[in-house]
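The values are calculated or read from the model by the stated rules, or taken from the named source; none is laboratory data. Values in this document were obtained by computation on a predicted structure and should not be read as measured data. Cβ placement follows ideal geometry from the backbone for every residue including glycine, while neighbour counts extend to all protein chains displayed.
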Amino acid sequence: MRKKRVFEAISTLVGCVIGAGILGIPYVISQAGFITGLINILGLGIIILLINLYLGEITLRTKGKHQLTGYAEKYTGRIGKYFMFVCMIIGIYGAIIAYTIGAGDALASMLGWDPLICSVIFFGVVSWLIYIGLGAIEKSEAFVIPIVIILVLLIFFMALPRINMINLSGFSFPKLLAPYGVVLFAYLGAVAIPEMREELGRYKKEMKRAVIIGSTIPIIIYILFAIAVVGVMGVSTQEIGALGLTAILGEKMAFIGALFALFTLTTSFLAIGLALKELFWYDYGLRKNTSWLLACFIPFLLFLVIKLGRVAGFTTILNITGIVSGALIGILVVLMAISAKKKGERKPEYSIYINKFIAVLLIVLFIIGAINLLV
């Protein structure tokens, strides 16, 4: 039972993190230079690992069920709760819109149907799973995540003979922050941490290990996927990387790329959709069905407006959402971690060191990245 709970918790975090972001990483890396992108993947990956550990400790110091806004109110007050709510809404709504666009394109490439119709079908199925609840999501992620990892490894090993090392050597200091928003978006998964605590049940001592493993797997997957796609395609990499894998897999096997995209988008949509439903349900006291409607159908209406009006593209949505939501959530978690060590309601199963220097350094790094959106 212990191993099963830990595996489910890890699957929830990995499933929430690996989504639309991985599909956008190859494109932004190909435009900025592979080494430039690799610095972003590793640097931000380590920072987010630390942020996830801090958040895990916060959940363990707190009694009762909460989502991020509930923890923010406890440790940073009503203003903190307001900012966390805005961050989550921007992040999750932006992610759901991106997932719906990406999944529609993936299904369309597999079935030959209209992308808009495919997006609507995808949304209908996944939103129904969110309505069913946690049990269905745990089972789906535990099934899908191993498939996603296998597909990435398959793509990587099939790409090796075709990789041009010149495509993996580019570096540009002026473009150092160019991939920041999309890569940060690719690591957004903080909403899964409270779910992990709930899934572990009486095995909360495994929380630290589950967070570390669940945060490390995406770093490895992103690097392998970037090497495979950018190494073969270079500057010709498509905006949704997994849909341009014909050069790697061949035309007859290119559906694997679309299947990979569909799997990653599905797991992430499930995890963040549930988190937002529970935010309205647990932290704001709304009815379950009302919470579900707010979590799913408002972003669906926004998707229709963006898609039909051609307001923004896939990568633009990832970039803006990652920078605004990711940076603000990171800053809030740092402030919450400091406060929780003083105001915590119970002794946590693990504790991560933090002081003013570490806190200021992390906040400055997030602010620098956020300023990139304005320049």
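Could you tell me whether the range 21-29 includes any residue that is assigned to a helix (DSSP H, G or I) and surrounded by fewer than 22 Cβ atoms within 10 Å (Cβ to Cβ)?
Residues of the range 21-29 that are assigned to a helix (DSSP H, G or I), as a first pass: 21-29.
Applying the additional criterion that residues be surrounded by fewer than 22 Cβ atoms within 10 Å (Cβ to Cβ) yields none.
No; the residues of the range 21-29 include none that is assigned to a helix (DSSP H, G or I) and surrounded by fewer than 22 Cβ atoms within 10 Å (Cβ to Cβ).
Only residues that are of a type in the set (Asp, Glu) and either touching a strand residue (DSSP E or B) at 6+ places or on another chain (Cβ under 8 Å) or within 17 Å of Leu328 (Cα to Cα) (or both): list them for the range 52-96, please. Please lay out each step first, then the result.
Initial filter on the range 52-96 (of a type in the set (Asp, Glu)): 57, 73.
Answer for the range 52-96, where residues must be of a type in the set (Asp, Glu) and either touching a strand residue (DSSP E or B) at 6+ places or on another chain (Cβ under 8 Å) or within 17 Å of Leu328 (Cα to Cα) (or both): just Glu73.
Hey, does the range 248-256 have a residue that's assigned to a helix (DSSP H, G or I), at pLDDT below 85, of a type in the set (A, V, I, L, M) and crowded, with 21+ Cβ neighbours inside 10 Å?
Checking the range 248-256: at least one residue is assigned to a helix (DSSP H, G or I), at pLDDT below 85, of a type in the set (A, V, I, L, M) and crowded, with 21+ Cβ neighbours inside 10 Å.
So which residues in the range 350-375 are of a type in the set (Phe, Trp, Tyr) and crowded, with 16+ Cβ neighbours inside 10 Å, if there are any at all?
Residues of the range 350-375 that are of a type in the set (Phe, Trp, Tyr), as a first pass: 350, 353, 357, 366.
Once the filter is applied, which keeps residues that are of a type in the set (Phe, Trp, Tyr) and crowded, with 16+ Cβ neighbours inside 10 Å, the range 350-375 yields only Phe366.
To keep it simple, each residue is scored yes or no on (1) more than 20 Å from Ile306 (Cβ to Cβ); (2) surrounded by fewer than 22 Cβ atoms within 10 Å (Cβ to Cβ); (3) modelled with pLDDT of 90 or more.
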| position | (1), (2), (3) |
| --- | --- |
| Ile89 | no, yes, no |
| Ala98 | no, no, no |
| Val120 | no, yes, yes |
| Gly133 | yes, yes, no |
| Lys139 | yes, yes, no |
| Phe143 | yes, yes, no |
| Ile147 | yes, yes, no |
| Leu151 | yes, yes, no |
| Leu154 | yes, yes, no |
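Mind listing whichever residues of the range 267-291 are surrounded by fewer than 23 Cβ atoms within 10 Å (Cβ to Cβ), at pLDDT 75 or above and either in a helix (DSSP H, G or I) or among the small types (Gly, Ala, Ser) (or both)?
Phe280, Trp281, Tyr282, Gly285, Lys288, Asn289, Thr290, Ser291
Under 6 Å between Cβ atoms, which residue pairs at least 6 apart in sequence (or on different chains) link something in the range 167-184 that is more than 17 Å from Ile219 (Cβ to Cβ) with a partner that is in a loop (DSSP other than H, G, I, E, B)?
Here the result reads Gly170/Gly33; Phe171/Gly33; Ser172/Gly33; Leu177/Asn372, each pair linking the range 167-184 to a residue that is in a loop (DSSP other than H, G, I, E, B).
Just name the residue that is farthest from the chain's Cα centre (by Cα) out of those in the range 59-78 that are of a type in the set (S, T, N, Q) and closer than 19 Å to Ser325 by Cα.
So, considering only residues that are of a type in the set (S, T, N, Q) and closer than 19 Å to Ser325 by Cα, the one farthest from the chain's Cα centre (by Cα) is Thr76.
Quick one: which of Lys347, Lys307, Lys341 is touching a Gly at 6+ places or on another chain (Cβ under 9 Å), charged (D, E, K, R) and either buried (at least 16 other Cβ atoms within 10 Å of the Cβ) or not in a helix (DSSP H, G or I) (or both)?
Lys307
Could you list all residues from the range 204-233 that are surrounded by fewer than 17 Cβ atoms within 10 Å (Cβ to Cβ) and either over 18 Å from the mean Cα position of the chain (by Cα) or aromatic (Phe, Trp, Tyr) (or both)?
Scanning the range 204-233 gives Lys205, Arg209.
Would a scan of the range 71-84 turn up a residue that is among the aliphatic types (A, V, I, L, M), over 19 Å from Phe366 (Cα atoms), part of a helix (DSSP H, G or I) and modelled with pLDDT under 95?
Taking every residue of the range 71-84 in turn, at least one turns out to be among the aliphatic types (A, V, I, L, M), over 19 Å from Phe366 (Cα atoms), part of a helix (DSSP H, G or I) and modelled with pLDDT under 95.
Examine the range 40-58 for a residue that is closer than 20 Å to Lys277 by Cα, under 19 Å from the mean Cα position of the chain (by Cα) and not small (Gly, Ala, Ser), and state whether such a residue exists.
Within the range 40-58 (the criterion being closer than 20 Å to Lys277 by Cα, under 19 Å from the mean Cα position of the chain (by Cα) and not small (Gly, Ala, Ser)), the answer is yes, since at least one residue qualifies.
Given the conditions (1) closer than 21 Å to Lys65 by Cβ; (2) in contact with a Gly (Cβ under 8 Å, 6 or more places away or on another chain); (3) of a type in the set (Lys, Arg), report the number of the one that Lys175 does not fulfil.
(1)
Has the range 315-328 got any residue that is within 23 Å of Lys65 (Cβ to Cβ), at pLDDT below 90, in a helix (DSSP H, G or I) and in contact with a helix residue (DSSP H, G or I) (Cβ under 6 Å, 6 or more places away or on another chain)?
Within the range 315-328, one or more residues are within 23 Å of Lys65 (Cβ to Cβ), at pLDDT below 90, in a helix (DSSP H, G or I) and in contact with a helix residue (DSSP H, G or I) (Cβ under 6 Å, 6 or more places away or on another chain).
Checking Ile220 against (1) within 15 Å of Ile25 (Cα to Cα); (2) assigned to a helix (DSSP H, G or I); (3) touching a residue at least 12 places away in the same chain (Cβ under 8 Å): exactly one of these is not met. Which one?
Single failed check for Ile220: (3).
If Ser11 satisfies all but one of (1) outside any helix (DSSP H, G or I); (2) more than 24 Å from Leu328 (Cβ to Cβ), what's the number of the condition it fails?
Every listed condition holds for Ser11 apart from (1).
Keeping to the range 47-87, report how many residues are farther than 21 Å from Ala9 by Cβ, surrounded by fewer than 23 Cβ atoms within 10 Å (Cβ to Cβ) and among the aliphatic types (A, V, I, L, M).
3
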